[in-house]
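Please read the structure below before turning to the comments.
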Amino acid sequence: MRTTTQTTATVAVLGTGVMGAPIARNLLRAGYPVRVWNRSPGKAEALATLGARIASSPAEAASDADFLITMLTDGDAVETTMTGSEGALAALPADAVWVQMSTVGVGATERLAALARGRVAFVDAPVSGSSEPAERGELLILASGDRALHTRVQPLFDVLGRRTLWLDRVGDGSSLKLALNNWLAVLVEGMAETLSLTEALGLDPALLLATLAESPLGSAYATAKGRAMVERDFTPGFPLRHADKDAALVLQAAERLGHDLPLTGALLKRWDEAISAGHAEDDVAAAVTAA
């Protein structure tokens, strides 16, 4: 294995969107040499001014990297980026670590782990948190992988997150992420529908939010989204299309287990309506437009 330190270990970041870009920025600020690739090159170019090297292909980004982070939209995007003649997997050194941080669900995580098996070390590490905690390096990282990799990967996670929760089996991180995102979805839809009910009852929605803030019924996340809903401030921290995708992944995982999630199934239909009405890139708080 190559001898590297925090200042010499090269990190390739594939995907520089809402979450990937702040991840790359924090690694650069911490002194890591960083290579970045994005399907739409324009999204990666701003990172060059901070010292990132822009790669023309996933393979170029991965070549000689010590760590490779994938932060892409879904499992298909990750698999396409890692495979093929320009894919990153064939170019990665055998002693590198692939840190898969995208939210891709259970089935895709199994496929990606199988792709890595026998070729490169694999850590399943989706994150809980939106663009703002990502920018501050305060993500909750849900990591699972070989225990021998923990001390090697942890310095990266210390830059990117406020806490790393290491789980036992590869894929456990993605499973916990689905459970957390199901809770997020229920909170958001519950707030949207409750605000709609409050208005229908002839009350000021701000009264509901103020009352919740002083009550054990309140949730900091739900009330923050409630304020955004009332103010119609849909500046994207977690775009609705991504939340919708994650809710669909939750349902897919539940169906594989023969487990029924009627609330999630119902809210997904409403969110699809909001997306069809033009709110795909808006924050998940835009779910209120279909309530």
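The values are calculated or read from the model by the stated rules, or taken from the named source; none is laboratory data. No experiment lies behind these values; they were computed from the predicted model shown. Note: ideal-geometry Cβ built from the backbone for every residue, glycine included; neighbour counts use all protein chains shown.
Quick notes
- Qualifying residue in region 61-80 (condition: over 28 Å from R136 (Cβ atoms) and more than 21 Å from the chain's Cα centre (by Cα)): yes
- Scanning region 234-278 for residues that are outside any helix (DSSP H, G or I) and either of a type in the set (S, T, Y) or within 21 Å of the chain's Cα centre (by Cα) (or both) yields F234, T235, P236, G237, F238, P239.
- A113 being within 30 Å of L257 (Cβ to Cβ), surrounded by fewer than 24 Cβ atoms within 10 Å (Cβ to Cβ) and more than 17 Å from the chain's Cα centre (by Cα): yes
A quick yes/no check of all residues on (1) among the aromatic types (F, W, Y); (2) under 23 Å from A254 (Cβ atoms); (3) outside any helix (DSSP H, G or I):
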position: I141; (1), (2), (3): no, no, yes
position: T151; (1), (2), (3): no, no, no
position: L165; (1), (2), (3): no, yes, yes
position: L180; (1), (2), (3): no, yes, no
position: L197; (1), (2), (3): no, no, no
position: L208; (1), (2), (3): no, no, no
position: T211; (1), (2), (3): no, no, no
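- Exactly one residue out of A248, A280, A243 is under 14 Å from L180 (Cα atoms), surrounded by fewer than 18 Cβ atoms within 10 Å (Cβ to Cβ) and not acidic (D, E), and it is A248.
- When A94, A46, A59, A88 are checked against the criterion of being over 17 Å from P126 (Cβ atoms) and crowded, with 22+ Cβ neighbours inside 10 Å, A88 stands alone in meeting it.
- Number of the exception - T80 against (1) touching a residue at least 24 places away in the same chain (Cβ under 8 Å); (2) out of contact with any Asp or Glu (no Cβ under 9 Å at 6 or more places or on another chain); (3) among the hydroxyl-bearing types (S, T, Y): (1)
- Subset of region 79-100 [in a loop (DSSP other than H, G, I, E, B) and modelled with pLDDT of 95 or more]: T83, E86, G87, L92, P93, A94, D95, A96
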